[in-house]
């Protein structure tokens with residue numbers, strides 16, 4: 001493993017002399033995000049005072065980046081954000097349309113898709129680990145290494161998809177009983193899981209292809225593939241859930257939602273295979289004979305990512321389990337609130353992914369100075385967009401309340417939950433950029449693992465369990481407590497970012 005050159009390269013003269021960072025050359029430690037003018041210096045009082053005062057020119061350039069920077073970022077971020085929007089629409093299309101069928105169907109599918117959410121945690125770990133290597137090797141111009149990484153990642157994705165397919169097909173009732181104790185919801189959710197189980201075989205592989213596209217300059221193609229998949233899903237949902245009498249298509253309800261999921265995912269995978277033939281693509285030899293050294297690198301950086309995803313995802317699933325035991329009204333309201341939030345945070349999530357890719361490309365080329373500048377500017381940009389996202393959720397609240405087909409009690413829950421989602425999304429945008437974007441781009445996934453483990457499993461989940469089942473607090477109080485994790489994590493994430501120890505080159 002080639003580490004960062006920390007030899008005798010000297011940074012340019014500064015007001016404080018020549019400073020050398022242990023992690024990467026030409027980076028001054030403890031500089032911090034330029035928008036924040038305070039940090040903990042280590043020199044004399046006069047130098048501390050001088051360093052605490054950020055020049056106006058630097059502040060202006062950070063708050064108002066040049067057009068070239070914005071164009072470069074949004075050229076990558078917008079297709080990724082749109083792709084994220086399409087994926088969110090695809091995952092919630094069943095829930096959206098089933099709300100017109102009945103509240104029990106809505107709640108059952110919402111709980112059943114938590115199994116898909118668990119599956120997405122494993123695929124996300126694979127794609128994040130893949131992105132760490134692919135982004136830097138692509139930045140270094142090594143296409144062969146990119147294809148070798150794709151080969152063994154596809155092998156892992158196929159094994160993972162098969163395991164989840166068998167679980168959803170053979171034991172759906174047991175899976176649903178973990179989420180809720182309501183017999184009706186268990187029965188409906190199990191039917192949905194059994195029919196949609198085949199989709200897991202397609203989702204795992206297609207996500208690896210989409211990850212390859214966005215990391216190798218084909219983000220627009222990935223966006224196109226996702227868009228077509230969602231359009232097919234929505235059209236089939238409308239036809240199969242409600243039926244088309246003139247064409248002899250019966251209303252299948254929850255069964256129609258599951259069937260449309262399988263068909264749309266199969267089409268998405270088929271197109272992904274075709275779309276990657278001209279660029280870096282899957283080679284059978286790389287699947288049958290995986291590259292040993294690259295696999296070692298992959299697991300070195302992917303295992304902390306996998307641990308982080310599981311710690312975070314299982315904690316998030318515990319939130320759903322807790323809400324699932326507070327009644328069907330709480331489950332239904334939580335489902336709609338999550339849909340609104342997921343649809344509106346797509347731009348912020350796209351910026352987080354784009355930031356990780358851009359910084360990873362720069363680190364692969366050894367340009368640590370520019371990688372640091374890019375990270376600083378992305379933090380400021382995401383802070384602005386995240387705040388706007390929170391305000392947008394509040395603005396969308398009346399429309400969501402009018403659209404949702406819920407009981408009066410569930411509607412009351414939803415009204416307050418959307419305010420909670422606003423601050424949750426605003427804080428979550430920054431933690432997504434740092435913990436899930438910038439830190440892994442430099443090969444640092446251990447911090448995210450420790451942060452999520454401590455905040456979610458030692459603070460938020462125990463507090464939520466006590467609030468719900470010991471102190472019997474109101475549903476909305478429990479919900480608010482369960483949504484404090486992103487706000488808590490944001491503080492240590494920014495402090496860790498300001499140390500710049502995550503700036504590393506991981507290529508060989």
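At 222 nm, what helix-only mean residue ellipticity would the chain give, in deg cm²/dmol to the nearest 500, using -39500 (n - 2.57) for each DSSP H run of four or more?
On the way: 21 runs with 366 residues, N = 508.
Value at 222 nm, helices only: -24500 deg cm²/dmol.
Using packing as a proxy for protection, rank 411-420, 462-471 so that the peptide with the highest average count of other Cβ atoms within 10 Å comes first. Let's see the in-between values first.
Working: 411-420: 20.3, 462-471: 15.0.
The packing order, highest mean first, is 411-420, 462-471.
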For 291, 182, order by how many other beta-carbon atoms lie within 10 Å, fewest first: 291, 182
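Beyond 19 Å, how much of the Cα-Cα pair distribution for segment 82-228 remains, as a whole percent? Kindly include the intermediate steps, with their values, before the conclusion.
Details: 6156 of 10731 pairs.
Counting every Cα pair in segment 82-228, those more than 19 Å apart make up 57 percent.
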Distance cut-off 21 Å, percentage of C-alpha pairs in segment 215-304 lying past it: 55 percent
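Given the Cα-Cα distance of residue 169 and residue 299 and 0.36 nm per residue of separation, how much length would full extension add, in nm?
On the way: separation 130, 0.36 × 130 = 46.80 nm, distance 2.95 nm.
My answer for the length gained is 43.8 nm.
Per 0.36 nm of contour for each residue apart, how much would the distance between residue 314 and residue 495 grow if the chain were fully extended, relative to their Cα-Cα spacing?
Working: separation 181, 0.36 × 181 = 65.16 nm, distance 2.54 nm.
My answer for the length gained is 62.6 nm.
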Proportion of all alpha-carbon pairs of segment 261-393 beyond 17 Å (%): 79 percent
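For 319, 209, 423, what's the fewest-to-most ordering of other Cβ within 10 Å of each Cβ?
In order of increasing Cβ crowding within 10 Å: 423, 319, 209.
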Exposure proxy ranking, count of Cβ atoms within 10 Å, fewest first, for 131, 348, 177: 177, 131, 348
Packing rank of 263-270, 478-485, where each peptide gets the mean count of other beta carbons within 10 Å, highest leading: 478-485, 263-270
P(r), alpha carbons of segment 363-422 - 10 Å bins starting at zero, rounded %: 20, 30, 18, 15, 12, 4
Cα-projected label distance for residue 283 with residue 159, points at 7 Å along beta-carbon direction, nm: 2.2 nm
Relative contact order (percent, whole number), the chain, Cα cutoff 8 Å, 6+ residue spacing: 23 percent
Rounded to 10°, Cα long-axis angle of helix 219-242 versus longest principal axis of the chain: 20 degrees
Theoretical FRET efficiency, 1/(1+(r/R0)^6), r = Cβ-Cβ of residue 487 and residue 244, R0 45 Å, to 0.05: 0.45
Span per principal axis, largest first, for the Cα atoms of the chain (Å): 76, 56, 39
Between 0 and 90°, nearest 10: helix 408-433 axis offset from the chain longest Cα axis: 30 degrees
Cα long-axis angle, helix 346-364 against the chain (0 to 90 degrees, to the nearest 10): 40 degrees
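None of the figures in this text is laboratory data; all of them are computed from the coordinates on show. It should be emphasised that the depicted structure is a prediction, and the values quoted were computed from it without experimental measurement. Note that each Cβ is placed from the backbone with ideal geometry, even for glycine, and that neighbours are counted across all protein chains shown.
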